[in-house]
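K.L.:
My structure is below; once you've seen it, I'll send some questions.
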Amino acid sequence: MDPRLNFFGNAFAGKVLKHINSANKVVSESGLPHTTQELVKIRASQINGCGFCTDMHTKDATAAGETQQRLNLVAAWREATVFTDAERAALELAEQGTRLADAAGGVTDEAWQNAAKYYDEEQLVALISLIALINAYNRINVINQQPAGDYQPGQFG
């Protein structure tokens, strides 16, 4: 598979990505646990069918010490016993926030209240922002048909 265009080599795309990447850096440095951030990025990327981001974030999570068992079970997190209650709340919020078009009401009050049990206001802002950002990255890569499989951990800094 070849991408539709060289998005990463395009000057205008570089300007756009500079701002998205800056927002992502702020989120990554927030109080939201790094493990939770990677799990959310993986799950949203799976839902959106973004092979590039799924490849990237599973490799980054592995490099950061995440276990293969947990990575294998992200797609089936509801039935898996390897995630904390806080991680499960973040994954639920990520799923509902990614699948907005699938539910007339968007994110349910129940999902929000459950996440709010585990995360403070700053972490919730980071979580909402992270969900929005990974969905933006996913859409860029899926629309562009960005190939997956060649990512190396830390490749983008």
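The values are calculated or read from the model by the stated rules, or taken from the named source; none is laboratory data. Values in this document were obtained by computation on a predicted structure and should not be read as measured data. Here the Cβ is made from the backbone with ideal geometry for all residues, glycine too, and neighbour counts use every protein chain on show. Note: areas computed on protein heavy atoms with side chains; ligands, DNA, RNA excluded. Shrake-Rupley method; radii C 1.70, N 1.55, O 1.52, S 1.80 Å.
K.L.:
Between residue 129 and residue 109, what is 0.36 nm times their sequence separation minus the Cα-Cα distance? Round to one decimal in nm.
P.N.:
5.4 nm
K.L.:
Also: May I ask for the longest run of the chain untouched by GluC sites (Glu not before Pro) that are loop-located per DSSP and have at most 11 neighbouring C-beta atoms (other than their own) within 10 Å?
P.N.:
No qualifying site falls inside 80-157, the longest such stretch.
K.L.:
Under a cut-off of 16 Å between alpha-carbon atoms, report the aspartates and glutamates in cross-link reach of residue 25, not counting same-chain residues fewer than 8 places apart.
P.N.:
Output for residue 25: 38, 60, 122.
K.L.:
Please give the helix 85-98 orientation as an angle from the longest Cα principal axis of the chain, in degrees from 0 to 90, rounded to the nearest 10.
P.N.:
50 degrees
K.L.:
Please name whichever of 54, 107, 119 sits farthest to the positive end of the charge dipole of the chain, dipole taken about the Cα centre and charges placed at Cβ: Lys and Arg +1, Asp and Glu -1.
P.N.:
The listed residue farthest towards the positive side: 54.
K.L.:
Modelling each spin label as a point 7 Å along the Cα-to-Cβ direction, I'd like the residue 150/residue 29 distance in nm, to one decimal.
P.N.:
3.1 nm
K.L.:
Any idea of the accessible area per residue across the chain, 1.4 Å probe, to the nearest Å²?
P.N.:
Heavy-atom accessible area per residue stands at 55 Å².
K.L.:
Could you give the angle, 0 to 90 degrees to the nearest 10, between helix 51-63's Cα long axis and the longest principal axis of the Cα atoms of the chain?
P.N.:
Compared with the principal axis, the helix lies near 70 degrees.
K.L.:
As an exercise, use a Förster radius of 25 Å and the Cβ-Cβ distance of residue 10 and residue 64 to find the FRET efficiency, rounded to the nearest 0.05.
P.N.:
The value I calculate is 0.25.
K.L.:
Using the charge dipole of the chain (Lys, Arg: +1 at Cβ; Asp, Glu: -1 at Cβ; taken about the Cα centre), state which of 91, 155, 76 has its Cα farthest towards the positive end.
P.N.:
Farthest towards the positive pole: 155.
K.L.:
If we count every other residue with Cβ under 12 angstrom of residue 55's Cβ, Lys/Arg +1 and Asp/Glu -1, where does the sum land?
P.N.:
In short, 0.
K.L.:
Would you list, by chain and number, the lysines whose Cα falls below 17 Å from the Cα of residue 59, excluding same-chain residues fewer than 8 positions away?
P.N.:
41
K.L.:
Compute the long axis of helix 11-28 from its Cα atoms, compare it with the longest principal axis of the Cα atoms of the chain, and write down the angle in degrees, 0 to 90, nearest 10.
P.N.:
Tilt relative to the chain: about 30 degrees.
K.L.:
Would you please classify the overall shape of the range 18-57 from the alpha carbon gyration tensor, given that a ≥ b ≥ c denote the square roots of the eigenvalues, rounded means a/c under 1.5, and beyond that prolate means a/b larger than b/c while oblate covers the rest?
P.N.:
oblate
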